[in-house]
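Read through the structure below, which is laid out as structure tokens, and then see the notes.
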Amino acid sequence: MLLLLARHGETEGNRENRFQGHRDYPLTCKGREQALSLQPVLEDFKIQAVFASDLDRARQTALLAARHLEAPFYFHPLFREYSFGVMEGLTLQEVQELYPGLAQSYRNSCRAPIPPGAEEIACFTRRLRASRDFFAGFPRGCRCLLVGHGRFINAFLTLIISGQEAPPYRFPVSNASLSALRLEGGKGELMFFNDICHLEKT
């Protein structure tokens, strides 16, 4: 099957450089324009089904990007962003002020300690595996879109391409970017990554 992966459009949290996680922030005007710019690309790929995180920023992006498609929509917490615990809603500077040791380790290491209240890596990995296994069961000719989040898509691609299940994740993605995987039996071939050509006019 062909799986397109889109990150949600810019949010108020993105604009302010805040850790978002499970906390919801609305799309900015720019974020809505970014989502709309995905429409012609999705039409070209003849997407048959749209899946998205149930967090509002991903839901909004999916509904705007795929609103002209004759495809069903499915929203599920399985595809949610990683939860950053006490860091959610804070900028890195605010984390530095409140949790100086945590901020310094996060800045300097891809294997920073888990923030208090954050999702355990083992739990996050189980969600990634479940997502992989879910899409692995689709027929070969199926074409689907998954609208998700930066850390989730990053970790999902790392798992599919390299089999690596723990940080560091090696595929940082931009707001409203598109990546594409060809999946078969849980294994994937990366067709393109972090394409933002459709954003040139936003």
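Where helices (runs of 4 or more DSSP H) fall wholly inside the stretch 1-53, the ranges with 2 or more residues that are over 14 Å from the mean Cα position of the chain (by Cα) and closer than 30 Å to G85 by Cα are 12-15, 29-37.
Residues to consider are D195, D133; find the one that is modelled with pLDDT of 95 or more, acidic (D, E) and in the same structural domain as F51 (by TED's automatic domain parsing). If you could, list the steps in order and put the result at the bottom.
Values: D133 fails: modelled with pLDDT of 95 or more.
Matching residue, one of D195, D133: D195.
Among the residues making up the stretch 165-186, a single one is among the polar types (S, T, N, Q) and either touching a Gly at 6+ places or on another chain (Cβ under 8 Å) or at pLDDT below 85 (or both): N175. Checking each residue in the stretch 150-168 for being more than 27 Å from L36 (Cα to Cα) and either surrounded by 20 or more Cβ atoms within 10 Å (Cβ to Cβ) or free of Cβ contacts under 8 Å to residues at least 40 places away in the same chain (or both) picks out T158, L159, I160, I161, S162, G163, Q164. One residue stands out among those in the stretch 128-149 that are farther than 17 Å from A180 by Cβ and under 13 Å from the mean Cα position of the chain (by Cα): the one that is surrounded by the fewest Cβ atoms within 10 Å (Cβ to Cβ), which is L128. Filtering the stretch 79-113 down to residues that are modelled with pLDDT of 85 or more and part of a loop (DSSP other than H, G, I, E, B), which residue is surrounded by the fewest Cβ atoms within 10 Å (Cβ to Cβ)? Here the residue is G89.
The values are calculated or read from the model by the stated rules, or taken from the named source; none is laboratory data. What you are looking at is a predicted structure, and each value in this text was computed from that prediction instead of being measured. Quick reminder, even Gly has a Cβ in these numbers, built from the backbone with ideal geometry, and neighbours come from all protein chains shown.
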